[in-house]
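Data block below; observations after.
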Amino acid sequence: MTPVELQNRNRQSVADILNTLLADEFVLYTQTRNAHWNIKGQSFRELHAFFEEQYQILDKIVDDVAERVRAIEHFAIGTLSQFSELTQIDEKTELSVQKVAITTLLSAHETIIQYIKKQLNPVAEKYNDPGTADFMTGVMKEHEKMAWMLRSYL
């Protein structure tokens, strides 16, 4: 079944789930850029490059999630107020200290992983959209890998 063949009420529900994910992805992307810009200390060079790698991955995920919303014939959110309204991530602004930056970003990745796990079954079964469930599984795997890398610094 293609996303276009989903029943309209199912597409709306899946779009709502994806837009919440999009908000979380965008906030995490922004926090990762914040850490990249502001990290300081003995590991500055290494962490500056590491956070850049991570925000580049997140940039692609943000775009992919938004395009998935469009693929099921809905509109992706795209304003800061919409992201702020829907995100489940606690936004912290002081990310210059290594341990704070890493634990903050790790927590955000774990929030996204848990959200995706919670939504996989409803998306696949209740809303009959196995394609989006598969897409979300791929996104979850990326977050699991990034979280593992962050954990290795603790």
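Quick note: the coordinates plus some simple rules give every number you see, no bench work behind them. In this text the structure is predicted, and so the values were computed from the model without any measurement. Every residue, glycine among them, receives a Cβ derived from its backbone with ideal geometry; neighbour counts consider all protein chains shown.
Some points to look at:
- Sorted largest first, extent of the chain alpha carbons per principal axis (Å): 54, 29, 21
- Rounded to the nearest 20, the size of the Cβ-charge dipole of the chain about its Cα centre is 320 debye, with Lys and Arg at +1 and Asp and Glu at -1.
- A straight Cα-to-Cα reach below 20 Å connects Lys99 with the lysines Lys40, Lys145, residues fewer than 8 places away in its own chain not being considered.
- Lysines whose Cα lies under 16 Å from that of Lys118, excluding same-chain neighbours fewer than 8 positions away: Lys126, Lys141
- Simple Cβ-charge dipole of segment 72-154, Lys/Arg +1 and Asp/Glu -1, about Cα centre, in debye nearest 20: 340 debye
- Our summary gives the chain a relative contact order of 32 percent, counting only alpha carbon pairs under 8 angstrom and 6 or more residues apart.
- Normalised by 2.2 N^0.38 Å, where N is the number of residues, the alpha-carbon radius of gyration of segment 62-152 equals 1.20.
- Computed from Cα positions, the angle between helix 130-151 and the longest principal axis of the chain comes to roughly 10 degrees.
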